[in-house]
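The values are calculated or read from the model by the stated rules, or taken from the named source; none is laboratory data. Quantities reported herein were computed from a predicted structural model and do not represent experimental measurements. Note that each Cβ is placed from the backbone with ideal geometry, even for glycine, and that neighbours are counted across all protein chains shown.
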Amino acid sequence: MLKRNGDCWVITDGAAGNQRQALALAARLDMPIHHLQLEPRAPWSWLAPRLGLGASFALSDTQRRQFEPPWPAIAIGCGRISALYTRLLRPRSHGDCYTVQILDPRMDPSHWDTVIAPQHDERAGPNVLHPVGSLNPIDDAWLEDAREANPAFVDLPRPRVGVLLGGPRKGIAVDAAYVEVLVAKLLARQRVEGGSLLVLASRRTPPALVEVMRHRLVGVPGLTWSGPDDGGNPYPGVLGWADRLVVTPDSVNMLSEACAVGCPVHTLVTSPLPAKIERFHRALRDAGRLHAVDTVAAPPQYPLRETEAIAATLRKLIAARQARRSRG
């Protein structure tokens, strides 16, 4: 059991994906959570996590007041910016704060108590845990809550196909030409199977690509959502009710969450992927969790749900360190 004599700090920047991973892990530790969104000014933002000198003064007054004693029992960071501040907590707390960093911090993992870096990052170290994909909150209870909160989806014709759009990134062109190929394949299968298409854009999806989807999907049952102008975010409901999910190849987070649902997951790859992303795709394909967009596939043997297993390992590591310190 973890000691209940402190809080868990979740430290992130403003990136929604980083926040989602860190908060999902923290929620599994059953401790009071305080979320610190720390965004230092340059040059600390450029050089994080290596430049530690003066890092507190790189924060705004409000953020600086948050990053002060009493220090937490556990701190969980996700992303390069947060790694600067989780790294500082170990010496500042005189080792009392157990520091956890999610994603490769791009420097020696020994600066943290535990580093959680996905397998495709190929980050080695005796204190490094290696999930296949991104941590997330999705499990059976999460999906049931999502269905209960979005009951209208049950009336859509099946199969209900969720389409999760990311955006361009280095080495992956998610552009107008890509979307035209994707929507043509989606429509070809929908004409044969029927059903509905539920298209969700992300923050990285260029608006022009969303408009291509809207135009091409006129008359097809379902929805196209790109922001508050389209109503509340239906993402949980789409995952909860989906019979199949189609995800663009660029986002490790979206693919990981899709693979946590338990339905078949598909993607469209039109050109060679960058090496790290290709390693991630290969791991999903080899496990029967990811398929080409026009492939008929059965649900995976079991969904990709790694957060609880990582949390269980982390609880054991923290308890073991607490035992060692109490003996010392």
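With respect to (1) in the same structural domain as I76 (by TED's automatic domain parsing); (2) among the β-branched types (V, I, T); (3) more than 17 Å from the chain's Cα centre (by Cα), the lone exception for I310 is condition (3).
Please state which one of R169, R158, R106 is under 18 Å from the mean Cα position of the chain (by Cα), surrounded by fewer than 16 Cβ atoms within 10 Å (Cβ to Cβ) and closer than 30 Å to D286 by Cα.
Numbers: R158 fails: under 18 Å from the mean Cα position of the chain (by Cα); R106 fails: under 18 Å from the mean Cα position of the chain (by Cα).
Only one candidate qualifies: R169.
Of the residues that sit in the stretch 186-212 and are closer than 26 Å to V154 by Cβ and among the basic types (K, R), which one is surrounded by the fewest Cβ atoms within 10 Å (Cβ to Cβ)? Filtering the stretch 186-212 for residues that are closer than 26 Å to V154 by Cβ and among the basic types (K, R), the one surrounded by the fewest Cβ atoms within 10 Å (Cβ to Cβ) comes out as R191.
Going by what's in this entry, would P274 be described as in the same structural domain as R203 (by TED's automatic domain parsing), surrounded by fewer than 19 Cβ atoms within 10 Å (Cβ to Cβ), of a type outside the set (S, T, N, Q) and touching a residue at least 24 places away in the same chain (Cβ under 8 Å)? Don't jump to the end; show me each part of the working.
Numbers: in the same structural domain as R203 (by TED's automatic domain parsing): yes; surrounded by fewer than 19 Cβ atoms within 10 Å (Cβ to Cβ): yes; of a type outside the set (S, T, N, Q): yes; touching a residue at least 24 places away in the same chain (Cβ under 8 Å): yes.
Yes, satisfied.
For residues that are touching a residue at least 24 places away in the same chain (Cβ under 8 Å) and assigned to a loop (DSSP other than H, G, I, E, B), tally how many sit in the stretch 102-120.
So the first thing to find is which residues in the stretch 102-120 are touching a residue at least 24 places away in the same chain (Cβ under 8 Å), and the list is 102-103, 105-107, 111-114, 116, 118-120.
Restricting the remaining residues to those that are assigned to a loop (DSSP other than H, G, I, E, B) gives 103, 105-107, 112-113, 118.
Final tally of qualifying residues: 7.
So, A275, is that one at pLDDT 95 or above and small (G, A, S) or not? Here the answer is yes, as A275 does meet what is asked.
All but one of (1) in contact (Cβ under 8 Å) with a residue 12 or more places away in the chain; (2) more than 26 Å from R279 (Cα to Cα) hold for R123; which doesn't? Every condition holds for R123 apart from (2).
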